[in-house]
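Written below as structure tokens is the structure these notes are about.
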Amino acid sequence: MSPFPTALPTSRVPDPASAPPLRWGILATGGIAASFVTAVRAHTQQRVVAVGSRSKDRAEAFAARFGIENAYGSYDALVDDPAVDVVYVATPHSEHRAGALAAVTAGKHALVEKSFTRNASEAEDVFAAAATSGVMVMEAMWTRFLPQSDVIRQLLADGALGDVSTVLADHGQYFADLDGSHRLLDPSLAGGALLDLGIYPVSFASFAMGTPESVSAVGTLTDTRVDAQVSIVLKTGAAEAVLNTTLLAETPTTASISGSAARVELSGPFYAPGTLTLKAVRGGPSLVRGPDAIAGHHGLCYQAAELARCVAAGMTTSPLLPSSETLAIMGTLDEIRRQVGVVYPGE
Ligand SMILES: NC(=O)c1ccc[n+]([C@@H]2O[C@H](COP(=O)([O-])OP(=O)(O)OC[C@H]3O[C@@H](n4cnc5c(N)ncnc54)[C@H](OP(=O)(O)O)[C@@H]3O)[C@@H](O)[C@H]2O)c1
């Protein structure tokens, strides 16, 4: 077991402004698309050159709001724009496969919002098409690319936690009062807590302890038959993860990885830039890393920079979140949904 460190490791994540520029097309004009454009504009050299929407009016309004050169009234027109190198797919989960396939078959790289697709089978379709086209497709699990995640990566690699036994993470937001037609409650848009919020704890457990050997889940469904709440236990070797996601309450949304020597904790919301604490067992010393200057959803810029660096290096997957791990995570989500009884129309 390594001795308790005298200082926390320094993040090796490069300044997002140093990543070589790509020309981005934004596919859809909803909430996260706006946050993404704001973040990459503020902190990177990435150029947003086009936006596509199902409605020409919405594309033009989005383009006017962000000063984007080209606005298209269809997703096909966006992916066919020769000035676009990479497409950011920001539609509801049910539409990710179609958006990503459109991009990669047009020869464009793609950054696809989480959860990557509705299920593992759809994810396989996307990665197979990307391999055929020789382009890069990455899941926009932005937490994975934050500097704080690289500190945890080094703590795990150094053995600073000792033998890891326990991972705890939750993500709950109060959405129970939403109209039943909202995408979060709509099975035809692959709604539910798990794919929208629960993906963060599940991805965090994958990061901390790898792909689970066993998955156990219980859940509560909404009147619309998507998951309102799910509690999950994952097991890999001697390590166990206890995870919760809910649309019924605002939970702490914290995460920790605990071992025989120490635990690392992320303040809530753990999926965004925040405070990291390393605490030795039995009341020993602790080390704290404060929040980074790039805060909140501005942290979305790191995933764009990572994709741009990988593309410049001729890579088609990121070692920080390889396509094989995204596929495995989709498999875990499939098994959780099977156990709680959520099936999307047409699956
Ligand atoms: N990383 C994060 O922090 C974060 C935060 C929130 C959401 N997300 C993810 O981002 C994705 C989109 O979420 P959002 O909150 O941005 O959703 P949203 O505000 O509802 O926007 C989704 C957009 O998708 C397009 N769309 C295409 N087909 C649609 C359909 N059948 N019904 C509704 N909209 C459709 C629409 O754009 P047009 O009408 O212009 O075509 C719509 O504006 C999801 O995968 C979600 O999990 C990530």
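The values are calculated or read from the model by the stated rules, or taken from the named source; none is laboratory data. Values in this document were obtained by computation on a predicted structure and should not be read as measured data. Backbone-built Cβ (ideal geometry, glycine too); neighbour counts: all protein chains shown.
Here are the numbers:
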item: Wholly enclosed strands (runs of 3 or more DSSP E) of segment 212-266 bearing at least 3 residues crowded, with 23+ Cβ neighbours inside 10 Å; result: 227-236, 239-246, 262-266
item: Count of segment 267-291 residues which are under 12 Å from LEU146 (Cα atoms) and within 16 Å of the ligand (Cβ to nearest atom); result: 5
item: Total residues in segment 160-179, condition part of a loop (DSSP other than H, G, I, E, B) and within 10 Å of SER260 (Cβ to Cβ); result: 3
item: Of the criteria (1) at pLDDT below 95; (2) in contact with a Pro (Cβ under 7 Å, 6 or more places away or on another chain), which one GLN148 fails; result: (1)
item: Qualifying residue in segment 16-32 (condition: surrounded by fewer than 17 Cβ atoms within 10 Å (Cβ to Cβ), within 18 Å of the chain's Cα centre (by Cα) and either near the ligand (Cβ under 10 Å from one of its atoms) or in a helix (DSSP H, G or I) (or both)); result: yes
item: Segment 14-26 residues that are assigned by TED's automatic domain parsing to the domain that holds ALA39, paired with ones that are modelled with pLDDT of 95 or more and surrounded by fewer than 12 Cβ atoms within 10 Å (Cβ to Cβ) (beta carbon under 7 Å, 6 or more apart); result: ARG23/ALA83
item: Criterion violated by ARG41 - all others in (1) more than 8 Å from the ligand (Cβ to nearest atom); (2) part of a helix (DSSP H, G or I); (3) of a type in the set (D, E, K, R); (4) surrounded by 20 or more Cβ atoms within 10 Å (Cβ to Cβ) satisfied; result: (4)
item: Check on GLN154, away from the ligand (no atom under 13 Å from the Cβ), assigned to a helix (DSSP H, G or I) and more than 26 Å from TYR88 (Cβ to Cβ); result: yes
item: Top-ranked residue of segment 64-83 - restricted to ones that are under 18 Å from VAL40 (Cβ atoms), touching a residue at least 24 places away in the same chain (Cβ under 8 Å) and among the hydrophobic types (A, V, I, L, M, F, W, C), ranked as surrounded by the fewest Cβ atoms within 10 Å (Cβ to Cβ); result: ALA83
item: Failed item in (1) surrounded by fewer than 22 Cβ atoms within 10 Å (Cβ to Cβ); (2) within 12 Å of the ligand (Cβ to nearest atom), with ARG47 passing the rest; result: (2)
item: One residue from SER55, SER35 being within 12 Å of the ligand (Cβ to nearest atom), in contact with a His (Cβ under 7 Å, 6 or more places away or on another chain) and either within 22 Å of PRO92 (Cα to Cα) or modelled with pLDDT under 95 (or both); result: SER35
item: Qualifying residue in segment 91-106 (condition: touching a Lys or Arg at 6+ places or on another chain (Cβ under 7 Å), outside any helix (DSSP H, G or I) and either of a type in the set (Asp, Glu) or within 13 Å of the ligand (Cβ to nearest atom) (or both)); result: yes
